[in-house]
Amino acid sequence: MNIHEYQAKELLSRYGVSVPRGKVVFTPKEAGEVATELLAEKPLCVVKAQIHAGGRGKAGGVKLARSREEAEALARELLGKVLVTYQTGPEGREVKKVLIEEGLDIEKEYYMSLLVDRARKRVCLMASSEGGMDIEEVARKSPEKILYEYIDPAVGLMPFQARRVAFGLGLRKELTGKAVRFMLSLYEAFLGLDASLVEINPFVTTADGNVIALDAKLSFDDNALFRHRDVEALRDLDEEDPREVAAARFNLNYVSLDGTIGCMVNGAGLAMATMDIIKLYGGSPANFLDVGGGASTEQITAAYKLLVSDENVKAILINIFGGIMRCDVIAEGIVKAVKDVGETVPIVVRLQGTNVEEGRRMFSESGMDIITAETMDEAAQKVVSAAGG
């Protein structure tokens with residue numbers, strides 16, 4: 001689960017991470033009121049579009065204001081605007097709120113993040129002196145400028161590791177202590193919130209000698225949200241794909257893609273293999289949809305309705321291996337769903353495993369024009385052909 005920048009900063013501040021003063025607003029008038037408060041102490045403030053995407057600055061979503069009138073005008077310009085960044089895709093995201101934040105006298109920008117390194121089975125603290133840039137770009141052009149510290153879960157992030165990062169970034173000696181506290185607080189927040197990613201890009205040093213998170217991104221382990229109902233309440237469904245939101249209600253794992261072949265599969269490994277073989281035969285998957293190992297008839301029906309709700313889908317491939325999940329349950333759900341929604345696109349079904357003969361019998365007796373296949377190759381060829389590939 002992802003949250004907005006302003007929400008991430010509110011959470012991080014609870015753990016002692018320094019963030020700029022600011023407030024989220026929903027109207028130009030509110031923007032002017034907050035700007036007036038901030039401009040009483042600082043010469044400028046920042047108006048930042050709040051969407052779940054990076055690259056907002058390059059897309060015109062971050063502006064500077066030096067007066068109340070300018071802040072109101074910028075908020076009016078951004079609110080309701082569809083912002084297109086490298087992370088939103090060409091369709092962009094509509095801006096429904098903006099963050100008005102104090103301007104800072106920035107000395108230098110840096111990058112810092114905490115993430116799970118699954119190969120090493122440890123949390124990694126990653127930092128770079130090249131803040132404000134895409135870390136992928138830094139890794140490609142200047143990999144030597146990225147610092148890594150791997151954290152022993154038994155003892156956590158140690159002060160000597162944080163000092164080593166501070167020295168490696170070339171921070172002024174008098175800022176070392178503040179930078180160490182900044183990193184230790186970030187790690188405490190990462191653990192305390194069951195985060196999967198904490199990214200500060202950039203964190204900055206200021207002329208008056210502070211270390212501050214100028215921007216912040218937090219992602220959370222969905223499996224741990226039951227421990228953090230306050231965090232779960234921060235979820236903004238307007239920022240998510242409506243089909244992914246609907247899938248979550250039925251405990252289905254769904255991710256939208258940009259192809260034309262809808263996929264319904266049980267098991268993540270089989271789902272990946274199914275998408276690969278569709279590509280092999282010249283097709284393109286429209287989604288990743290894993291119904292899990294023990295889906296009910298209701299979940300299968302919901303999954304089918306999700307697939308046909310995507311107007312880009314020209315054909316559907318249902319590829320099920322019946323282990324815990326019985327093939328007849330799958331067949332029952334599909335038949336029910338097709339009766340409810342109708343046969344809007346060609347459907348190719350490959351069933352193998354528990355009660356497979358019963359499942360196939362249900363299809364043959366349904367009177368529906370469902371295409372069956374024995375092997376994955378056969379299923380992929382048929383669905384690509386049915387989709388017009």
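Using bins of 5 Å that start at zero, the share of Cα-Cα pairs per bin across the stretch 117-273 amounts to 2, 7, 13, 16, 16, 14, 13, 9, 6, 3, 1, 0, in whole %.
Here, the stretch 1-143 is characterised by an Rg to Rh ratio of 1.00, where Rg is the alpha-carbon radius of gyration and Rh the Kirkwood radius.
Can you compute the equivalent ellipsoid semi-axes for the stretch 212-360, i.e. the square root of 5 times each eigenvalue of the Cα gyration tensor, sorted largest first and rounded to whole Å?
Gyration-tensor ellipsoid for the stretch 212-360: 29, 18, 15 Å.
Largest accessible area first, the listed residues M158, M126 line up as M158, M126 when surface is computed with a 1.4 Å probe on the assembled protein chains. Put a dot 7 Å past the Cα of K339, heading toward its Cβ, do the same for E91, and the two dots end up 3.2 nm apart.
Each residue of the stretch 315-359 gets 59 Å³ once the volume of the Cα convex hull is shared out per residue.
Here the sum of -39500 (n - 2.57) over DSSP H runs of 4 or more residues, divided by the residues of the chain, equals -11000 deg cm²/dmol at 222 nm, to the nearest 500.
For the stretch 30-72, backbone nitrogen atoms closer than 13 Å to the point 7 Å from K23 Cα along Cα-to-C-beta are found at 30-40. On the basis of the beta-carbon distance and an R0 of 51 Å, T375 and R229 show a calculated FRET efficiency of 0.65. How big is Rg to Rh over the stretch 299-374, alpha-carbon atoms, Rh as the Kirkwood inverse-mean-distance radius? That ratio is 0.94, to two decimals.
How much of the accessible area of the stretch 52-155, in percent, comes from carbon and sulfur atoms when a 1.4 Å probe is used? That fraction is 49 percent.
Exceeding 24 Å between C-alpha atoms, which entries from my cross-link table qualify? They are K96/K178; K9/K97; K96/K217; K48/K108; K29/K217. Violating the 24 Å limit, Cα to Cα: K96/K178; K29/K217. Rounded to the nearest 0.05, the FRET efficiency derived from the C-beta distance between R66 and K141 at R0 = 35 Å is 0.50. Heavy atoms of the protein chains alone define the surface here; on that basis the chain has 47 Å² accessible area per residue at 1.4 Å probe size. Compactness of the stretch 1-53 was expressed as the Cα radius of gyration divided by 2.2 N^0.38 Å, which yields 1.23.
The stretch 3-57 and the stretch 268-282 have Cα centres separated by 43 Å. Figure legend: label point modelled 7 angstrom from the Cα of T354 along Cα→Cβ; residues of the stretch 297-313 with amide N under 17 Å from it are 297-300. Over all directions, the projected convex hull of the C-alpha atoms in the stretch 28-88 averages 4.0 nm² in area. Each Lys and Arg contributes +1 and each Asp and Glu -1, all at the Cβ; summed about the Cα centre of the chain, the dipole is approximately 880 debye. For the stretch 92-163, the spread of Cα positions along the three principal axes, ordered from largest to smallest, is 42, 27, 27 Å. Between the alpha-carbon centres of the stretch 146-211 and the stretch 333-389 there is a gap of 54 Å. Do you know the relative contact order of the chain, to the nearest whole percent, from alpha carbon pairs under 8 angstrom that are 6+ apart? Reported relative contact order: 12 percent. Ranking of T301, T354 by solvent-accessible surface, largest first: T354, T301 (1.4 Å probe, protein heavy atoms only, all chains present). With R₀ set to 41 Å, the beta-carbon distance separating D194 from S296 gives a calculated FRET efficiency near 0.90.
Over all pairs of different C-alpha atoms in the chain, the reciprocal of the mean inverse distance, the Kirkwood hydrodynamic radius, equals 23.7 Å. What are the aspartates and glutamates whose alpha-carbon lies under 19 Å from the alpha-carbon of K382, with same-chain residues fewer than 8 places away excluded? Partners within reach: D276, E343, D369, E374. Computed from the alpha carbon positions, the gyration tensor of the stretch 201-272 leads to an equivalent ellipsoid with semi-axes of 35, 17, 12 Å, biggest first.
The values are calculated or read from the model by the stated rules, or taken from the named source; none is laboratory data. Here the structure is a predicted model, which is why all the values come from computation and not from measurement. A quick note on method: Cβ atoms are made from the backbone with ideal geometry, for glycine too, and the neighbour counts reach across all protein chains shown. The protein model used for the area step is the full one, side chains on, heavy atoms only, and it has no ligands, DNA or RNA in it. Shrake-Rupley method; radii C 1.70, N 1.55, O 1.52, S 1.80 Å.
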